[in-house]
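Notes for the one structure printed next.
The values are calculated or read from the model by the stated rules, or taken from the named source; none is laboratory data. The model shown is predicted, which means the values in this text are computed figures rather than measured ones. Heads up, the Cβs are rebuilt from the backbone with ideal geometry, glycines too, and the neighbour counts pull from every protein chain shown.
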Amino acid sequence: MCPIAYARVDAAECVAEACCMLRTIDWRIAPHNSPSAQSIWNAISRQSQILCLLLVFSSAACGGGQDFSKTDEANSTKRLVRPGVEVLISDSLHLVSGKRVGLVTNHTGIDRSGRSDIDILADHPEITLAALYAPEHGIRGEERAGAAIEGGVDERTGVVIHSLYGDTRKPTSDMLKGVDVLVFDMQDVGARYYTYVSTMALAMEAAGEHNIPFLVLDRPNPIRGDVVQGNTLNPSYKTFVGMYEVPMRHGMTPGELARMYVGDFGISVDLTVVPIEGWTRDMTFDNTNLPWVAPSPNMPDVASALAYPGTCLFEGTPISVGRGTEKAFQWIGAPWLDGQELAEALNEYEIDGVRFEPVTFTPRNAGDRKFEGVSVEGVQLIALSTDYDASRAGVAMLIETYRVSQENWSWYEAHFDRLAGTDGLRLGIAANVAYEELVSGWDIGIREFESRRAPYLLY
């Protein structure tokens, strides 16, 4: 990892700062007019020259990753953020004290120190952890996308684990026996397709049907809460990868979505949200002090989460989305693509906040069976800001890859339409409808959604 690139610091600033630090060290060593100071400074100067050159080269070498060069000053520093699970224990323990708790969670349910919410609740003397419920990817987040999850017993606590991603996706009466309150604590990625909030919705329904209070321990939207982008789901395409009429990038936390599920989408349940402390809507996950834990095996960092609202659409095509690489959802590719040609074509779209660069990669243990062990060419999305529109970028990428793929192309129609929330996008691309026409109606849906969600925002 390159800390210079990751922190989004200009290389020249790094060099200047390094040299300034060296001068400061010099003045602390000896008076500036002494012979010893001069000799020390001469030695340090020679070293500083080398250091400065190294800084320049290291910064350049890291330039192909996250850029975020246009990020606002408000997004440039980390702030103290406490997730809902910490706020629960410190300020809202009465919500679970003396109660038998059912916990819907996975490996992302951690506090700032990385301690699991399973252990936090199980070890607390005033709480009885009665049951665990596992979503897609399993309680430890290790299973591939779409793989059925088995139930079992948590080895450390001895608490039973019920699967909510197998034959059953909604807790049954038997699963809820002996539970006084049902708690949800998982890290979402901020895109409509991600199934953790669908699991939350079904768990809310079950809790309401069994008169069990539902508690959301809130967590940040990792790709900001002040940005809404993409098309809004057509309710005719309601599935587990899009249950309600929200855009591709919805800009809400799990707790806010839960409030909207109750207030706008008709789920009847006794809902309480334990809020995040210290998070504001302009923050990405990188601006929190929280440890990033890949929410699923192919979500390695915030850059992938930012790209996901757009490139996830390629799951419904023959094109690889970089699963099985360190840049999943930031890379797309196929053996028949010319990366340089594709990057040039996409950069001509001049989509704000993003550029495209050619890339060659080899998917390994990808899980989607696309070009396993095969070298492919394609492009990488380079984010120049954290508010770039990945959904519009994704449409441009679909248009151009479809154009050059010809006989190599095939739609996975049902899956693509489920992700897109409509068949209109697929049919439009196949009919060579222009890019601007394909996305022209999205802004109306976004404005309507922003108005609908407003009463449910907490931050």
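Tabulated values for the structure
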item	result
Members of the range 334-377 found to be at positive phi and either surrounded by fewer than 15 Cβ atoms within 10 Å (Cβ to Cβ) or under 24 Å from the mean Cα position of the chain (by Cα) (or both), listed by number	E350, G353, N365, G367, R369, G373
Exclusive hit being within 20 Å of A258 (Cα to Cα), in a helix (DSSP H, G or I), among the hydrophobic types (A, V, I, L, M, F, W, C) and in contact (Cβ under 8 Å) with a residue 24 or more places away in the chain, set F416, F449	F449
Test set (1) surrounded by fewer than 21 Cβ atoms within 10 Å (Cβ to Cβ); (2) out of contact with any Ser or Thr (no Cβ under 6 Å at 6 or more places or on another chain) - E245 fails condition number	(2)
Filtered residue count, the range 100-131, keeping only those that are farther than 15 Å from F184 by Cβ, part of a loop (DSSP other than H, G, I, E, B) and not polar (S, T, N, Q)	8
Residue match in the range 407-418 (condition: crowded, with 22+ Cβ neighbours inside 10 Å and under 25 Å from G333 (Cβ atoms))	no
Residue in the range 319-335 that is assigned to a helix (DSSP H, G or I) and out of contact with any helix residue (DSSP H, G or I) (no Cβ under 9 Å at 6 or more places or on another chain) present	no
Residue match in the range 212-221 (condition: outside any loop (DSSP other than H, G, I, E, B) and under 12 Å from the mean Cα position of the chain (by Cα))	no
Condition met for A396 (part of a helix (DSSP H, G or I) and either outside the structural domain of E277 (by TED's automatic domain parsing) or surrounded by 19 or more Cβ atoms within 10 Å (Cβ to Cβ) (or both))	yes
Residues within the range 174-222 that are more than 29 Å from R418 (Cβ to Cβ) and small (G, A, S), tallied	1
Residue in the range 92-102 that is surrounded by the most Cβ atoms within 10 Å (Cβ to Cβ), counting only those that are touching a residue at least 12 places away in the same chain (Cβ under 8 Å) and not β-branched (V, I, T)	G102
Given (1) surrounded by fewer than 19 Cβ atoms within 10 Å (Cβ to Cβ); (2) in a helix (DSSP H, G or I); (3) within 23 Å of the chain's Cα centre (by Cα), index of the condition M200 fails	(1)
Criterion (in contact with a helix residue (DSSP H, G or I) (Cβ under 7 Å, 6 or more places away or on another chain), under 30 Å from S405 (Cβ atoms) and modelled with pLDDT of 95 or more) met by exactly one of T311, T284	T311
